[in-house]
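A.B. asks: Got a structure here, written out as structure tokens. Questions coming.
The values are calculated or read from the model by the stated rules, or taken from the named source; none is laboratory data. Bear in mind the structure is a predicted one, so any value in this text is a computation, not a measurement. Neighbour counts run over all protein chains shown; Cβ positions are idealised from the backbone, glycine included. The area values use the complete protein model at the heavy-atom level, side chains included, leaving out ligands, DNA and RNA. Shrake-Rupley method; radii C 1.70, N 1.55, O 1.52, S 1.80 Å.
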Amino acid sequence: MTMRLILAKCVLVAGICAGTLSPAVAQGTSVGPSGLKIPRFVSLKSDRVNVRGGPSTDHKVKWIFRRAGLPVEIIAEFENWRRIRDSEGEEGWVYHSLLSGRRTALISPWQRTGTIVSLRDKPNEKADLAAQAQIGLQVDIKTCEKSWCEVSAKRHQGWLKANLLWGVYPNEEIN
């Protein structure tokens with residue numbers, strides 16, 4: 001490897017870690033080295049996931065997630081490391097094998113605790129009530145079409161407007 005290439009790689013990693021380069025600029029495209037889109041939502045595979053300050057085990061652990069299935073957004077990739085953002089806007093690096101393609105979401109984590117939302121039988125505001133859920137509840141996403149997503153949690157399922165979910169992009173189709 002030439003010294004120029006090594007230096008360029010160091011500058012790129014430093015820029016990504018420091019947050020001075022946007023994920024799109026850092027990647028130069030909307031497809032990362034993995035061949036998958038950036039940004040994209042995934043979920044945590046394990047009940048214990050270390051989030052680091054940079055893309056290697058040489059970087060300190062910033063915090064630890066302790067709940068499998070939580071949705072996170074991949075905003076950059078570097079080799080086998082993924083820069084993620086959580087529902088509170090915090091960012092850090094996670095090793096790729098600790099992430100899953102399983103789609104989950106949190107119901108309106110930005111709303112006041114104790115708020116209840118209604119899940120519907122069909123993707124329609126006038127459809128019958130299927131269940132009620134508190135905001136912050138983690139749900140599995142079964143499908144999304146137009147502006148509605150079919151979700152499930154425990155033994156309940158129903159349809160919610162996609163704009164009430166953190167873990168889904170506006171108008172994203174999920175089959």
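A.B. asks: Restricting to the stretch 101-113, name every residue that is open to solvent by 30 Å² or more (accessible area, probe 1.4 Å) and either touching a strand residue (DSSP E or B) at 6+ places or on another chain (Cβ under 7 Å) or at pLDDT 95 or above (or both).
C.D. replies: Matches in the stretch 101-113: G101, R102, R103, P109.
A.B. asks: Oh, and also: Consider T143 against the criteria (1) among the polar types (S, T, N, Q); (2) assigned to a strand (DSSP E or B); (3) under 30 Å from S30 (Cα atoms); (4) out of contact with any Asp or Glu (no Cβ under 8 Å at 6 or more places or on another chain): it satisfies all of them except one. Which criterion is unmet?
C.D. replies: Against the list (1) among the polar types (S, T, N, Q); (2) assigned to a strand (DSSP E or B); (3) under 30 Å from S30 (Cα atoms); (4) out of contact with any Asp or Glu (no Cβ under 8 Å at 6 or more places or on another chain), T143 comes up short only on (4).
A.B. asks: Another one. Anything in the stretch 79-89 that is over 17 Å from R103 (Cβ atoms), in contact (Cβ under 8 Å) with a residue 24 or more places away in the chain and not in a strand (DSSP E or B)? List them, or say none.
C.D. replies: E79
A.B. asks: For A76, only one of the following conditions fails: (1) surrounded by 13 or more Cβ atoms within 10 Å (Cβ to Cβ); (2) closer than 17 Å to K45 by Cβ; (3) in contact (Cβ under 8 Å) with a residue 24 or more places away in the chain. What is its number?
C.D. replies: Checking A76 against (1) surrounded by 13 or more Cβ atoms within 10 Å (Cβ to Cβ); (2) closer than 17 Å to K45 by Cβ; (3) in contact (Cβ under 8 Å) with a residue 24 or more places away in the chain, the one that fails is (2).
A.B. asks: Right, another one. Pick from the stretch 48-67 the residues that are farther than 13 Å from Y95 by Cβ and not hydrophobic (A, V, I, L, M, F, W, C): which of them is surrounded by the fewest Cβ atoms within 10 Å (Cβ to Cβ)?
C.D. replies: Among those residues, the one meeting the criterion is K60.
A.B. asks: Being of a type in the set (D, E), more than 14 Å from G167 (Cβ to Cβ) and at pLDDT 95 or above: is that true of D86 here?
C.D. replies: Judged against the criteria, D86 is not a match.
A.B. asks: Which condition does A68 not pass, out of (1) farther than 17 Å from R103 by Cα; (2) part of a loop (DSSP other than H, G, I, E, B); (3) of a type in the set (A, V, I, L, M, F, W, C), if it passes all the others?
C.D. replies: Result: A68 fails condition (1) only.
A.B. asks: Could you grab me the full set of residues in the stretch 151-165 that are open to solvent by less than 40 Å² (accessible area, probe 1.4 Å) and assigned to a strand (DSSP E or B)?
C.D. replies: Going residue by residue through the stretch 151-165, those that are open to solvent by less than 40 Å² (accessible area, probe 1.4 Å) are 151-153, 158-160, 162, 165.
Within the stretch 151-165, V151, S152, A153, G158, W159, L160, L165 meet the criteria.
A.B. asks: Quick one: count up the residues across the stretch 120-138 that are within 22 Å of the chain's Cα centre (by Cα) and without any contact (Cβ under 8 Å) to a residue 60 or more places away in the chain.
C.D. replies: Total satisfying the criteria: 5.
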